[in-house]
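Nothing in this text is a laboratory measurement; each read-out follows from the coordinates by a stated rule. Just so you know, these numbers come straight off a predicted model, no measurement behind them. Heads up, the Cβs are rebuilt from the backbone with ideal geometry, glycines too, and the neighbour counts pull from every protein chain shown.
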Amino acid sequence: MTATSGYARDQRPRPAILGQLPRISRPDGSPIRVLLVDDEPALTSLVTMALRYEGWAVDVAHNGRQALAKFDETGPDVLVLDIMLPDLDGLEILDRVRESDSYTPTLFLTARDSVLDRVTGLTAGADDYMTKPFSLEELVARLRGLLRRSGHLAPPADETLKVGDLTLDSASREVRRAGRRVSLTATEFELLRFLMRHPRRALSRAEILDRVWNYDFAGRTSIVDLYISYLRKKIDADWAPMIHTVRGVGYMIRPAE
């Protein structure tokens with residue numbers, strides 16, 4: 001089943017496919033809450049139907065101002081955001097959201113499909129990027145992966161990691177280097193946490209991909225290189241580098257020399 005930028009070949013999700021995985025919820029048992037932002041009612045109706053098969057609560061906004069108001073009102077667990085909207089574009093919406101909220105996982109769902117568009121969306125603070133037309137089954141799988149990486153499916157872990165002057169608090173999801181707070185997206189945070197759990201160890205791209213991402217990215221190790229570059233810009237930009245490339249293997253984190 002494929003959704004286009006407004007219509008689908010099959011107008012109803014197939015519950016036998018979408019509902020075959022165990023349902024997930026918030027740690028307190030309440031439904032996962034999704035904010036879906038798109039100006040095409042046919043598309044939002046179809047996606048809403050698919051996500052409700054998962055048992056999730058879905059709020060819909062059809063323009064940027066509605067999106068910002070509903071984000072503040074509902075506090076969603078995950079944000080699905082089109083880029084081309086009639087008032088504010090999705091990049092501006094995400095920029096405003098990130099001013100007060102660094103961790104809500106965000107997926108861009110858009111017709112803009114160039115490599116530059118993808119890189120722009122991800123560097124703006126999104127955690128994933130899908131283009132139209134798209135598979136509803138893949139969308140659900142991607143959102144499940146985002147929720148898993150962001151820690152929304154389990155109570156906050158009481159874990160504090162320290163490597164050199166870099167600290168990571170899993171419960172508060174705060175990262176600091178030399179006492180200065182570093183703002184990370186949900187995926188960047190999970191990648192850094194995995195690196196910091198194994199300091200001074202060379203981690204292969206395949207190992208990182210398996211532990212940080214889900215099966216949707218199987219074999220696509222380039223996504224690891226992309227997110228390592230994002231981390232370096234935030235963790236190493238103003239200090240001596242801590243994240244190092246291990247030639248022929250992957251990456252390692254160690255205290256700065």
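Its residue count N sets the reference 2.2 N^0.38 Å, and the alpha-carbon radius of gyration of region 37-179 equals 1.11 times that reference.
For region 165-243, the set of trypsin sites (Lys or Arg not before Pro) satisfying both a DSSP loop assignment and a count of at most 12 other C-beta atoms within 10 Å is given as 200, 220. Positive contributions from Lys and Arg (+1) and negative ones from Asp and Glu (-1), summed over other residues with Cβ under 9 Å from the Cβ of residue 59, come out at +1. Within a straight-line Cα-Cα reach of under 24 Å, residue 234 can be paired with the following lysines, leaving aside sequence neighbours fewer than 8 residues apart in one chain: 162. Against the longest alpha carbon principal axis of the chain, how many degrees, from 0 to 90 and to the nearest 10, is the axis of helix 222-235 turned? That works out to roughly 60 degrees. Here the residues 243, 253, ranked from fewest to most Cβ neighbours within 10 Å of their Cβ, fall in the order 243, 253. What is region 18-93 by shape, rounded, prolate or oblate, if you read a ≥ b ≥ c off the alpha carbon gyration tensor as root eigenvalues and call it rounded for a/c under 1.5, prolate for a/b larger than b/c, and oblate otherwise? Since a/c reaches 1.5 but b/c is at least a/b, the shape of region 18-93 is classed as oblate.
A crude spin-label estimate for the pair residue 160 and residue 183, with each label 7 Å from Cα along the Cβ direction, gives 2.4 nm. Amide H contacts for residue 174 (H built 1.01 Å from N in the peptide plane; partners 5 or more residues away or on another chain; cut-off under 5 Å): 169.
Geometric descriptor of region 160-253, per residue, is 91 Å³ (volume of the convex hull of the Cα atoms). Rounded to the nearest 500, the helix-only mean residue ellipticity at 222 nm of the chain stands at -11000 deg cm²/dmol, with each DSSP H run of n ≥ 4 adding -39,500 (n - 2.57). To the nearest Å, what is the center-to-center distance of region 119-141 and region 38-105, using C-alpha atoms only? Taking the Cα centre of region 38-105 as reference, the centre of region 119-141 is 13 Å away.
Counting other Cβ atoms within 10 Å as a rough exposure proxy, the listed residues 84, 49 run 84, 49 from fewest neighbours to most. Ordering 128, 210 from the fewest to the most neighbouring beta carbons within 10 Å gives 210, 128.
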